[in-house]
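The numbers here are math on the coordinates, done by the rules we state, and not lab data. All values reported here derive from a predicted model rather than from experimental measurement. Positions of Cβ are backbone-derived with ideal geometry, glycine not excepted, and every protein chain shown enters the neighbour counts.
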Amino acid sequence: MTRYHIDGTAADDGQVFVFGSNLSGIHGAGAARAARTQYGAQWGVAEGPTGEAYAIPTVQAQIAGPLSLDEIRAAVDRFIAYATAHPESQFFVTRIGCGLAGHRDRDVAPMFATAPENCSLPDTWKPILEDVCATK
């Protein structure tokens, strides 16, 4: 059963904060800044676990523009494999790719349709994912 949290809220203590990053690992704005200042994400880590966070790249190096949906999907697949391999951890997924990267929720949310139960997703994605699951 997929879990959801209110979009824009903070992760609970002990949850891993999952955020959109850029390929330079510069966590200077939005959820990436929160990851750095509140969850210990390290400068220069563009993808994977860092501090009490997990970076999923959505923007090119030097913030030169968004990554393609295919590139983001590949990184999301790697995250889902990581979350599946770490059932002892709880992951708080933000609306990755839908801020600075400029992608639409309806394009990004379905990438998380196979996220394991230890992932909490933004409630704004719930109707999108329910539609995706209903059509399968």
- Note on segment 1-78: alpha-carbon gyration tensor, axes a ≥ b ≥ c; rule is a/c under 1.5 for rounded, else prolate if a/b larger than b/c, else oblate; result oblate
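Hand me the chymotrypsin sites (Phe, Trp or Tyr not before Pro) from segment 35-70 located in a DSSP loop with no more than 16 other Cβ atoms within 10 Å, in residue order please.
Working: sites: Y39, W43, Y54; in loops: W43.
Here the sparse-neighbourhood loop sites are W43.
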- Task: Calculate for the chain the 222 nm mean residue ellipticity that helices alone would give, adding -39,500 (n - 2.57) per DSSP H run of length 4 or more and normalising by residue count, nearest 500 deg cm²/dmol.
- Result: -8500 deg cm²/dmol
- Direction-averaged shadow area of the convex hull around the Cα atoms of the chain, nm²? 7.3
- Message: For the chain, what does the relative contact order come out to in percent, with C-alpha contacts under 8 Å and a separation of six or more?
- Response: 29
- Query: Residue-wise, which Karplus ³J(HN,Hα) couplings in Hz belong to segment 104-113, taking 6.51 cos²θ - 1.76 cosθ + 1.60, θ = phi - 60°, and x for glycine or proline?
  - Reply: 8, 3, 5, 8, 8, 3, x, 4, 9, 4
- If N is the residue count of segment 78-136, its Cα Rg over 2.2 N^0.38 Å rounds to 1.12
